[in-house]
Amino acid sequence: MIAAAKFWDKHAEKYSQRPIKNVDAYERTLERTRAYLSKTDRVLEIGCGTGGTAVKLAGDAGHIIGSDISPAMVGIARGRA
């Protein structure tokens with residue numbers, strides 16, 4: 001796991017700037033997810049990457065915690081939050 005964390009740490013900044021490849025599918029997935037959330041829910045996102053999805057869903061849940069193997073990815077996610 002250390003090798004994976006180092007890999008993602010190295011690529012985190014570039015990854016955070018990449019556009020979503022299939023925006024329509026991503027938006028549909030967000031809408032499906034929102035249908036399951038309420039303002040009182042506490043969500044744990046495992047593998048949050050740079051936090052883009054958590055930020056988009058933050059208004060739909062009471063609390064979201066994102067976790068990732070890469071400290072650099074989590075750092076970017078914190079900045080987005």
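The values are calculated or read from the model by the stated rules, or taken from the named source; none is laboratory data. What you see is a predicted model; the values in this text were computed from it and never measured. Neighbour counts run over all protein chains shown; Cβ positions are idealised from the backbone, glycine included. The accessibility values were calculated without ligands, DNA or RNA, using every heavy atom of the protein model including side chains. Shrake-Rupley method; radii C 1.70, N 1.55, O 1.52, S 1.80 Å.
The set of residues in region 38-69 being over 12 Å from the mean Cα position of the chain (by Cα) and of a type outside the set (A, V, I, L, M, F, W, C) consists of Ser38, Lys39, Thr40, Asp41, Arg42, Gly59, Asp60, Gly62, His63. Remark: Ser70 matches the filter, which requires a residue to be touching a residue at least 60 places away in the same chain (Cβ under 8 Å) and of a type in the set (Gly, Ala, Ser).
Residues in region 1-50 that are open to solvent by 100 Å² or more (accessible area, probe 1.4 Å) and of a type in the set (Ser, Thr, Tyr): Tyr36, Thr40.
Take the residues in region 61-74 that are surrounded by 17 or more Cβ atoms within 10 Å (Cβ to Cβ) and not polar (S, T, N, Q); name whichever of them is farthest from Glu45 (Cα to Cα). The qualifying residue farthest from Glu45 (Cα to Cα) is Ala72.
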